[in-house]
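So the structure is just underneath, and the comments pick up after that.
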Amino acid sequence: MNIIISNASKEPIYEQITRQIKDNIINGILYQGELLPSIRSLAKELKISVITTKRAYEELEREGFIETVPGKGSYVSAQNKEFLKEKKIKSIEEKLSQAIEDSRLIGLTKEELKEMLDILYDNI
Amino acid sequence: MDTILEIKDLTKIYKGFKLDKVSLKLSKGYIMGLIGPNGAGKSTTIKLIMNLIRKNSGDIKIFGMDNIENEREIKQRIGFVYDENCFYEDLTVMEMKRVIAPFYKQWDNKVFDKYISKFELPKNKKIKQLSKGMRMKYSLAIALSHNAEFIIMDEPTSGLDPVFRSEMLDILYSLIQDENKGILFSTHITTDLQKAADYITFLNSGKVVFSDDKDSIIENYSIIKGNNGILDKAIRDKFIGINENAFGFEGLTNNTEDIRKLLKDKVLIERASLDDIMVYTVRGNE
């Protein structure tokens, strides 16, 4: 698993961690039941404070992505894959809506937008 | 007992300087940075914790015990790194170690040797022949070699190059892998703390400006940039310090949310560094 922290980003560091761990779970890079690094070793590796990694894990626990067993560590919870996919689709819809709004603002037609999507989809 | 250090209303009066009712608390497993400009009271606070000078009033508890009544026991469990030299200048690195080691019940020569070679310290050189950086490394090696649970460091990174400062951060991270240990260190080089510290206590003119977890501090404080025109009285009151020039202003606020609501697109909102917070707070609205 890779986690890249940007110090220049406006996104708080704990959110950068939760987002990337979630992505890793959704994309199947982290498996159900897999042991995550301890908050202390993660802080050491990423050169951030323990309190930040702790907060990130607490957030992931609250959202049901991981479970922490005291004295043992944190594990990836059993996930409902369909549910996760549903969530992701919703976020894609939101982003597309935003793109549509922006297109209307500058008078881009549906066809032009579709064309753009076709080109981008094949090239990214 | 999860608290490693608890200070309440600590006061020390000197001619022309007063450490004024300083309170702070550090739990096991975390790193606290003590920041502030020169003369803010950082070293005075640390000397009081170590009982090197007498307090006028207030309480200091380390491992839940009074720092004066239980001084002997407490000091066995503390590793102390001090920015001034407190070694015999004419002894060599190894000779000095042989003087210090017997004081500690849990002294561990293996650990000491590990640090001496890690820091590339010449064993047979006299203390007075060591450079400032080497002295600091030596001081650190001594402090880390008796299995201390609480590491206290006064300006450990001043005078050290970035390479060693980064090495030192690694050492701190390694120590803190043990959740029963705690670290307190004072510095005015805040970039070191920006990374590792969990809590920041900011002292200015002998008073605590804030003592809080670093993430909340960074979230609450922001640097705001914009046109001078939008600065009316109500807006100005939301700032801790403002710096105006011919082309615009830059200011520090701890009311980021209010500013965002009031001024939204009219200003640039950037993350404040600990340096920004320190500089604007100390200078105020000059």
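Readers should treat all values here as calculations from the given coordinates under stated rules, not as data from a laboratory. A quick note: this is a predicted structure, and the numbers were derived from the prediction, not measured. Here the Cβ positions follow ideal geometry from the backbone for every residue, glycine too, while neighbour counts run over all protein chains shown.
Set the bar at 24 Å for Cα to Cα. Now go through B:Lys18/B:Lys128; B:Lys25/B:Lys97; A:Lys10/B:Lys261; B:Lys18/B:Lys61 and name every pair that lies beyond it.
Working: B:Lys18/B:Lys128 34 Å; B:Lys25/B:Lys97 32 Å; A:Lys10/B:Lys261 17 Å; B:Lys18/B:Lys61 21 Å.
From B:Lys18/B:Lys128; B:Lys25/B:Lys97; A:Lys10/B:Lys261; B:Lys18/B:Lys61, over 24 Å: B:Lys18/B:Lys128; B:Lys25/B:Lys97.
Computed over the Cα atoms of region B:221-283, the ratio of the radius of gyration to the Kirkwood radius (Rg/Rh) comes to 0.92. Using the charge dipole of region B:1-154 (Lys, Arg: +1 at Cβ; Asp, Glu: -1 at Cβ; taken about the Cα centre), state which of B:Thr11, B:Leu34, B:Val99 has its Cα farthest towards the positive end. The residue sitting farthest along the positive end of the dipole is B:Val99.
Looking only at the protein assembly as shown, where both bridge partners belong to it, what percent of the DSSP beta bridges are antiparallel (to the nearest 5)? Write down the numbers at each step before the final one.
On the way: 42 of 59 bridges.
Restricted to the protein assembly as shown, the bridges split so that about 70 percent are antiparallel.
Projecting the Cα atoms of A:Leu120, A:Ile106, A:Ser91 onto the charge dipole of region A:81-123 (Cβ charges, centred on the Cα centre) puts A:Ser91 farthest toward the positive pole. When the convex hull of its Cα atoms is viewed from all sides, region A:81-123 shows a mean projected area of 3.6 nm².
Pick from B:Ile78, B:Ile13, B:Ile242: which is most flexible by mean-square fluctuation in a GNM of chain B where alpha carbon atoms under 10 Å apart are linked? Highest fluctuation among the options: B:Ile13.
Per residue, the convex hull spanned by the Cα atoms of the protein assembly as shown amounts to 204 cubic angstrom. For labels at B:Lys264 and B:Arg283 in the simple 7 Å Cα→Cβ model, what's the distance in nm? The answer from the label model is 3.1 nm.
Counting only other residues whose beta carbon sits under 15 Å from that of B:Asp90, what net charge do I get with K and R as +1, D and E as -1? That sum, taken over residues with Cβ under 15 Å, equals +4.
Considering all alpha-carbon pairs of region B:13-153, what whole percent are spaced by more than 17 angstrom? Above the 17 Å cut-off, region B:13-153 has 65 percent of its Cα pairs. The alpha carbon radius of gyration of chain B, expressed as a multiple of 2.2 N^0.38 Å, is 1.13. Put a dot 7 Å past the Cα of A:Asn2, heading toward its Cβ, do the same for B:Tyr14, and the two dots end up 5.2 nm apart.
Stokes-Einstein diffusion for chain A, with the hydrodynamic radius set to the Kirkwood value over Cα pairs and evaluated at 25 °C in a medium of 0.890 mPa s, equals 146 µm²/s. For region A:81-123, the Cβ-based charge dipole about the Cα centre amounts to some 320 debye (Lys, Arg positive; Asp, Glu negative; other atoms uncharged). Comparing B:Val111, B:Val163, B:Val208 in a Gaussian network model of chain B, where Cα atoms under 10 Å apart are tied by springs, the biggest mean-square fluctuation is seen for B:Val163. Charges were assigned to the Cβ only: +1 to each Lys and Arg, -1 to each Asp and Glu. The resulting dipole of chain B about its Cα centre is roughly 720 debye. When the chymotrypsin sites (Phe, Trp or Tyr not before Pro) in region A:17-124 are filtered for DSSP coil states and for at most 13 other beta-carbon atoms within 10 Å of their beta-carbon, the remaining sites are A:Tyr31. For region B:20-99, the calculated P(r), taken from all Cα-Cα distances in 5 Å bins from zero up to the bin holding the longest distance, is 3, 11, 20, 22, 19, 13, 9, 4, 0 percent.
Using 22 Å as the Cα-Cα cut-off, could you pick out the over-long pairs in A:Lys54/B:Lys118; B:Lys8/B:Lys207; B:Lys55/B:Lys207?
Numbers: A:Lys54/B:Lys118 30 Å; B:Lys8/B:Lys207 13 Å; B:Lys55/B:Lys207 15 Å.
Distance filter (> 22 Å) returns A:Lys54/B:Lys118.
What separates the Cα centres of region A:40-87 and region B:66-106 is a distance of 41 Å. Mean silhouette area of region B:121-231, derived from the convex hull of its C-alpha atoms and averaged over all directions, reads 10.4 nm².
When DSSP assigns beta bridges and you keep just the ones with both residues in chain B, what percent turn out antiparallel, to the nearest 5?
70 percent
Comparing A:Ile17, A:Ile39, A:Phe65 along the charge dipole axis of region A:13-76, the residue lying farthest to the positive side is A:Ile39, per the Cβ-charge model. By how many degrees, between 0 and 90 and to the nearest 10, does the Cα long axis of helix B:274-283 differ from the longest principal axis of chain B? Taking Cα atoms only, the helix is inclined about 70 degrees. Helical content alone sets the calculated 222 nm signal of chain B at -9000 deg cm²/dmol, taking -39,500 (n - 2.57) per DSSP H segment of four or more residues and averaging over every residue. If only the Cβ of Lys and Arg carry +1 and only the Cβ of Asp and Glu carry -1, the dipole of the protein assembly as shown around its Cα centre is close to 1540 debye.
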